[in-house]
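To start, the structure itself, in C-alpha coordinates.
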Amino acid sequence: GQMLGGYGGLVIAVFFVLIFNGVSYFWSHKIVLMMYKAKEVDEKHAPRLYKLVREVVNKANIPMPKVYIIPANNANAFATGRNPEHGIVACTKGILSLLDDEELKGVIAHECSHIKNRDILIQTIAGMIAGVISYVAIMARWGAIFGGFGRDRDSGNLIHLLVLGILTPIIAMLIQLAISRSREYLADESAAKILGNSNGLTSALAKLSNDAKQHPMQIGNQSTAHLFIVNPFKGGFLVSLLSTHPPMNKRIERLKSMNF
(Lines give C-alpha, C1' and ligand atoms only; values in the text may rest on other atoms or scores of the structure.)
Protein backbone atom coordinates (compact mmCIF):
# COMPACT_ATOMS: atom_id res chain seq x y z
CA GLY A 1 0.00 0.00 0.00
CA GLN A 2 2.80 2.40 0.86
CA MET A 3 4.66 1.49 -2.32
CA LEU A 4 1.70 2.40 -4.54
CA GLY A 5 -0.01 5.14 -2.55
CA GLY A 6 2.48 6.29 0.02
CA TYR A 7 1.34 6.65 3.62
CA GLY A 8 -2.30 6.99 2.52
CA GLY A 9 -2.10 3.72 0.59
CA LEU A 10 -0.67 1.94 3.62
CA VAL A 11 -3.45 3.23 5.87
CA ILE A 12 -6.14 2.15 3.38
CA ALA A 13 -4.67 -1.36 3.02
CA VAL A 14 -4.44 -1.88 6.78
CA PHE A 15 -7.94 -0.44 7.23
CA PHE A 16 -9.43 -3.04 4.88
CA VAL A 17 -7.58 -5.88 6.63
CA LEU A 18 -8.88 -4.73 10.01
CA ILE A 19 -12.45 -4.45 8.70
CA PHE A 20 -12.41 -7.91 7.08
CA ASN A 21 -10.99 -9.61 10.14
CA GLY A 22 -13.22 -7.65 12.51
CA VAL A 23 -16.27 -8.90 10.62
CA SER A 24 -14.78 -12.40 10.69
CA TYR A 25 -14.21 -12.24 14.45
CA PHE A 26 -17.72 -11.07 15.37
CA TRP A 27 -19.91 -12.72 12.72
CA SER A 28 -18.04 -15.60 11.03
CA HIS A 29 -19.59 -18.17 13.40
CA LYS A 30 -23.07 -17.24 12.17
CA ILE A 31 -21.97 -17.61 8.56
CA VAL A 32 -20.42 -21.02 9.20
CA LEU A 33 -23.44 -22.31 11.11
CA MET A 34 -25.72 -21.18 8.28
CA MET A 35 -23.39 -22.76 5.72
CA TYR A 36 -23.76 -26.15 7.39
CA LYS A 37 -27.48 -25.69 8.18
CA ALA A 38 -26.73 -26.21 11.88
CA LYS A 39 -29.66 -25.97 14.28
CA GLU A 40 -29.40 -25.05 17.96
CA VAL A 41 -30.68 -27.73 20.33
CA ASP A 42 -31.43 -27.86 24.02
CA GLU A 43 -31.52 -30.58 26.64
CA LYS A 44 -35.04 -31.57 25.66
CA HIS A 45 -34.25 -32.16 21.97
CA ALA A 46 -30.75 -33.65 22.34
CA PRO A 47 -30.48 -35.00 25.91
CA ARG A 48 -27.45 -37.25 25.33
CA LEU A 49 -25.32 -34.62 23.58
CA TYR A 50 -26.35 -31.85 25.97
CA LYS A 51 -25.56 -34.00 29.00
CA LEU A 52 -22.08 -34.87 27.72
CA VAL A 53 -21.31 -31.24 26.86
CA ARG A 54 -22.36 -30.15 30.36
CA GLU A 55 -20.15 -32.82 31.98
CA VAL A 56 -17.10 -31.70 29.97
CA VAL A 57 -17.81 -27.99 30.53
CA ASN A 58 -17.94 -28.52 34.29
CA LYS A 59 -14.55 -30.25 34.20
CA ALA A 60 -13.08 -27.62 31.87
CA ASN A 61 -14.44 -24.80 34.05
CA ILE A 62 -15.85 -22.74 31.18
CA PRO A 63 -19.34 -21.31 30.58
CA MET A 64 -21.87 -23.63 28.99
CA PRO A 65 -21.63 -23.16 25.20
CA LYS A 66 -24.56 -23.22 22.82
CA VAL A 67 -25.03 -26.66 21.28
CA TYR A 68 -25.80 -27.21 17.60
CA ILE A 69 -26.43 -30.27 15.43
CA ILE A 70 -25.43 -30.36 11.76
CA PRO A 71 -27.69 -32.49 9.53
CA ALA A 72 -24.84 -34.39 7.86
CA ASN A 73 -23.92 -38.08 7.81
CA ASN A 74 -20.22 -37.24 7.93
CA ALA A 75 -18.97 -37.82 11.50
CA ASN A 76 -17.37 -34.59 12.68
CA ALA A 77 -17.56 -31.64 15.08
CA PHE A 78 -16.26 -28.12 15.47
CA ALA A 79 -16.22 -25.25 17.96
CA THR A 80 -16.63 -21.58 17.24
CA GLY A 81 -17.45 -18.34 19.05
CA ARG A 82 -15.18 -15.39 19.72
CA ASN A 83 -14.58 -16.16 23.43
CA PRO A 84 -15.63 -18.65 26.16
CA GLU A 85 -18.68 -16.51 26.97
CA HIS A 86 -19.89 -16.90 23.36
CA GLY A 87 -18.77 -20.49 22.78
CA ILE A 88 -20.52 -22.87 20.39
CA VAL A 89 -20.07 -26.62 19.98
CA ALA A 90 -21.52 -28.16 16.82
CA CYS A 91 -21.73 -31.90 16.12
CA THR A 92 -22.96 -33.71 13.04
CA LYS A 93 -25.67 -36.36 13.14
CA GLY A 94 -23.08 -38.80 11.88
CA ILE A 95 -20.79 -38.40 14.89
CA LEU A 96 -23.67 -38.93 17.31
CA SER A 97 -24.41 -42.34 15.82
CA LEU A 98 -20.79 -43.41 15.24
CA LEU A 99 -19.20 -42.76 18.65
CA ASP A 100 -20.00 -44.13 22.09
CA ASP A 101 -20.29 -41.81 25.09
CA GLU A 102 -16.62 -41.97 26.08
CA GLU A 103 -15.45 -41.24 22.55
CA LEU A 104 -17.95 -38.45 22.04
CA LYS A 105 -16.93 -36.93 25.35
CA GLY A 106 -13.31 -36.91 24.12
CA VAL A 107 -14.36 -35.02 20.98
CA ILE A 108 -16.41 -32.54 23.00
CA ALA A 109 -13.43 -32.00 25.33
CA HIS A 110 -11.28 -31.27 22.26
CA GLU A 111 -13.77 -28.67 21.05
CA CYS A 112 -14.19 -27.14 24.50
CA SER A 113 -10.39 -26.88 24.66
CA HIS A 114 -10.47 -24.73 21.51
CA ILE A 115 -12.97 -22.47 23.28
CA LYS A 116 -11.01 -22.40 26.55
CA ASN A 117 -7.69 -21.75 24.76
CA ARG A 118 -9.29 -18.90 22.74
CA ASP A 119 -8.22 -20.50 19.47
CA ILE A 120 -10.86 -18.57 17.53
CA LEU A 121 -9.19 -15.32 18.57
CA ILE A 122 -5.74 -16.73 17.75
CA GLN A 123 -6.93 -17.88 14.33
CA THR A 124 -8.39 -14.44 13.70
CA ILE A 125 -5.10 -12.77 14.55
CA ALA A 126 -3.30 -15.28 12.32
CA GLY A 127 -5.76 -14.46 9.55
CA MET A 128 -5.09 -10.75 10.06
CA ILE A 129 -1.33 -11.29 9.76
CA ALA A 130 -1.82 -13.48 6.70
CA GLY A 131 -4.16 -10.85 5.26
CA VAL A 132 -1.58 -8.10 5.67
CA ILE A 133 1.05 -10.31 4.02
CA SER A 134 -1.33 -11.15 1.18
CA TYR A 135 -1.98 -7.46 0.61
CA VAL A 136 1.76 -6.94 0.32
CA ALA A 137 1.82 -9.61 -2.38
CA ILE A 138 -1.03 -8.00 -4.30
CA MET A 139 0.57 -4.57 -4.10
CA ALA A 140 3.91 -6.01 -5.18
CA ARG A 141 2.41 -7.69 -8.23
CA TRP A 142 0.59 -4.53 -9.29
CA GLY A 143 3.75 -2.54 -8.68
CA ALA A 144 5.70 -4.93 -10.90
CA ILE A 145 3.08 -4.67 -13.65
CA PHE A 146 2.94 -0.88 -13.69
CA GLY A 147 6.64 -0.51 -13.00
CA GLY A 148 7.42 -2.61 -16.06
CA PHE A 149 6.04 -0.10 -18.56
CA GLY A 150 7.96 3.03 -17.68
CA ARG A 151 11.03 4.35 -19.51
CA ASP A 152 12.96 4.62 -16.29
CA ARG A 153 12.05 1.22 -14.92
CA ASP A 154 14.57 -0.46 -12.64
CA SER A 155 14.95 -4.13 -13.66
CA GLY A 156 16.41 -5.03 -10.26
CA ASN A 157 13.47 -3.50 -8.45
CA LEU A 158 11.08 -5.23 -10.86
CA ILE A 159 12.59 -8.63 -10.03
CA HIS A 160 12.33 -7.91 -6.31
CA LEU A 161 8.66 -7.02 -6.68
CA LEU A 162 7.91 -10.20 -8.63
CA VAL A 163 9.71 -12.37 -6.07
CA LEU A 164 7.85 -10.60 -3.27
CA GLY A 165 4.54 -11.11 -5.07
CA ILE A 166 5.18 -14.84 -5.46
CA LEU A 167 6.67 -15.65 -2.05
CA THR A 168 4.43 -13.66 0.27
CA PRO A 169 1.23 -15.69 -0.38
CA ILE A 170 3.22 -18.85 0.37
CA ILE A 171 4.49 -17.31 3.62
CA ALA A 172 0.94 -16.33 4.58
CA MET A 173 -0.31 -19.86 3.93
CA LEU A 174 2.53 -21.43 5.94
CA ILE A 175 1.78 -19.15 8.91
CA GLN A 176 -1.86 -20.26 8.96
CA LEU A 177 -0.98 -23.94 8.49
CA ALA A 178 1.60 -23.88 11.28
CA ILE A 179 -0.73 -22.16 13.73
CA SER A 180 -3.71 -24.39 12.88
CA ARG A 181 -1.68 -27.58 13.34
CA SER A 182 -0.15 -26.44 16.62
CA ARG A 183 -3.58 -25.54 18.02
CA GLU A 184 -4.94 -28.99 17.06
CA TYR A 185 -2.13 -30.68 18.98
CA LEU A 186 -2.76 -28.41 21.96
CA ALA A 187 -6.52 -29.05 21.89
CA ASP A 188 -5.90 -32.82 21.85
CA GLU A 189 -3.60 -32.59 24.86
CA SER A 190 -5.90 -30.20 26.72
CA ALA A 191 -8.87 -32.51 26.13
CA ALA A 192 -7.02 -35.49 27.58
CA LYS A 193 -6.03 -33.45 30.64
CA ILE A 194 -9.60 -32.25 31.16
CA LEU A 195 -10.91 -35.82 31.16
CA GLY A 196 -7.92 -37.35 32.92
CA ASN A 197 -7.28 -39.85 30.12
CA SER A 198 -6.78 -39.95 26.36
CA ASN A 199 -8.58 -43.23 25.62
CA GLY A 200 -11.87 -41.82 24.38
CA LEU A 201 -10.32 -39.16 22.13
CA THR A 202 -7.72 -41.58 20.74
CA SER A 203 -10.41 -44.08 19.76
CA ALA A 204 -12.63 -41.30 18.39
CA LEU A 205 -9.89 -39.85 16.17
CA ALA A 206 -9.23 -43.23 14.58
CA LYS A 207 -12.94 -43.71 13.84
CA LEU A 208 -13.41 -40.15 12.57
CA SER A 209 -10.41 -40.34 10.27
CA ASN A 210 -11.71 -43.54 8.70
CA ASP A 211 -15.24 -42.14 8.38
CA ALA A 212 -14.00 -38.95 6.68
CA LYS A 213 -12.48 -41.09 3.91
CA GLN A 214 -15.65 -43.12 3.44
CA HIS A 215 -18.19 -40.32 3.90
CA PRO A 216 -16.65 -36.95 2.95
CA MET A 217 -18.70 -33.86 3.69
CA GLN A 218 -21.09 -33.00 0.87
CA ILE A 219 -21.93 -29.48 2.03
CA GLY A 220 -19.81 -26.53 3.10
CA ASN A 221 -16.50 -25.29 1.78
CA GLN A 222 -12.87 -26.41 1.94
CA SER A 223 -11.94 -23.04 3.48
CA THR A 224 -13.72 -24.09 6.70
CA ALA A 225 -11.87 -27.42 7.03
CA HIS A 226 -9.64 -26.07 9.82
CA LEU A 227 -12.66 -25.67 12.11
CA PHE A 228 -13.42 -29.39 12.27
CA ILE A 229 -11.71 -31.94 14.50
CA VAL A 230 -10.74 -33.88 11.34
CA ASN A 231 -10.71 -32.62 7.76
CA PRO A 232 -14.19 -33.53 6.47
CA PHE A 233 -13.40 -33.07 2.79
CA LYS A 234 -11.97 -35.49 0.27
CA GLY A 235 -8.55 -34.68 -1.17
CA GLY A 236 -5.43 -36.16 -2.66
CA PHE A 237 -1.77 -35.91 -1.73
CA LEU A 238 -1.52 -32.15 -2.24
CA VAL A 239 -4.56 -31.48 -0.04
CA SER A 240 -3.07 -33.71 2.67
CA LEU A 241 0.28 -31.93 2.39
CA LEU A 242 -1.34 -28.51 2.82
CA SER A 243 -3.88 -29.67 5.41
CA THR A 244 -4.60 -27.49 8.42
CA HIS A 245 -4.66 -30.68 10.52
CA PRO A 246 -1.60 -32.64 11.67
CA PRO A 247 -1.22 -36.23 10.40
CA MET A 248 -3.69 -38.43 12.29
CA ASN A 249 -1.11 -41.04 13.25
CA LYS A 250 1.00 -38.36 14.94
CA ARG A 251 -1.98 -37.00 16.85
CA ILE A 252 -2.81 -40.48 18.12
CA GLU A 253 0.82 -41.25 19.02
CA ARG A 254 1.10 -38.05 21.03
CA LEU A 255 -2.09 -38.82 22.91
CA LYS A 256 -0.97 -42.37 23.70
CA SER A 257 2.37 -41.09 25.00
CA MET A 258 0.75 -38.83 27.60
CA ASN A 259 1.12 -39.82 31.25
CA PHE A 260 -1.70 -39.46 33.79
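The values are calculated or read from the model by the stated rules, or taken from the named source; none is laboratory data. Because the structure is a prediction, the values reported are computed rather than measured. Counting neighbours? That spans all protein chains shown, and the Cβs are built from the backbone with ideal geometry, glycine included. The area values use the complete protein model at the heavy-atom level, side chains included, leaving out ligands, DNA and RNA. Shrake-Rupley method; radii C 1.70, N 1.55, O 1.52, S 1.80 Å.
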Notebook entry, point to check: Using the per-residue mean of other Cβ atoms lying within 10 Å as a proxy for protection, in what order, highest first, do the peptides 114-122, 70-78, 5-13 fall?
Noted result: 70-78, 114-122, 5-13
Note to self: Need the full-extension length gain, residue 44 to residue 31, defined as separation in residues times 0.36 nm minus the C-alpha distance. One decimal, nm.
What the structure shows: 2.1 nm
Item checked: Residue-level accessible surface for residue 35, protein heavy atoms, 1.4 Å, Å² -> 70
Check: So what's the net charge close to residue 184: Lys and Arg +1, Asp and Glu -1, counting the other residues with Cβ under 11 Å from its Cβ?
Finding: +2
Item checked: Karplus-derived HN-Hα couplings along segment 60-75 (A = 6.51, B = -1.76, C = 1.60, θ = phi - 60°), whole Hz, x at Gly and Pro -> 7, 6, 10, x, 5, x, 6, 10, 10, 10, 9, x, 9, 6, 4, 8
Item checked: Interchain or long-range residues, amide H under 5 Å from residue 217's placed H -> 233, 234
Next item on the list: List the trypsin sites (Lys or Arg not before Pro) within segment 20-114 that fall in a DSSP loop (any state other than H, G, I, E or B) and whose Cβ has at most 11 other Cβ atoms within 10 Å.
Entry: 44
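Report the FRET efficiency, 1/(1 + (r/R0)^6), for residue 73 and residue 166, where r is their Cβ-Cβ distance and R0 is 41 Å, rounded to 0.05. Display every interim value, and only then the final one.
Working: r = 41 Å, r/R0 = 0.99.
Efficiency, from the Cβ-Cβ distance: 0.50.
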Note to self: So, R0 is 25 Å and r is the distance between the beta-carbons of residue 93 and residue 16; what FRET efficiency does that work out to, to 0.05?
What the structure shows: 0.05
Next item on the list: Please work out the C-alpha center-to-center distance from segment 189-224 to segment 15-93 and express it in whole Å.
Entry: 16
Margin query: In whole Hz and in residue order, list the ³J(HN,Hα) couplings for segment 212-224 that follow from phi through the Karplus curve 6.51 cos²θ - 1.76 cosθ + 1.60, θ = phi - 60°; x for Gly and Pro.
Written below: 4, 6, 7, 10, x, 4, 9, 10, x, 9, 4, 5, 9
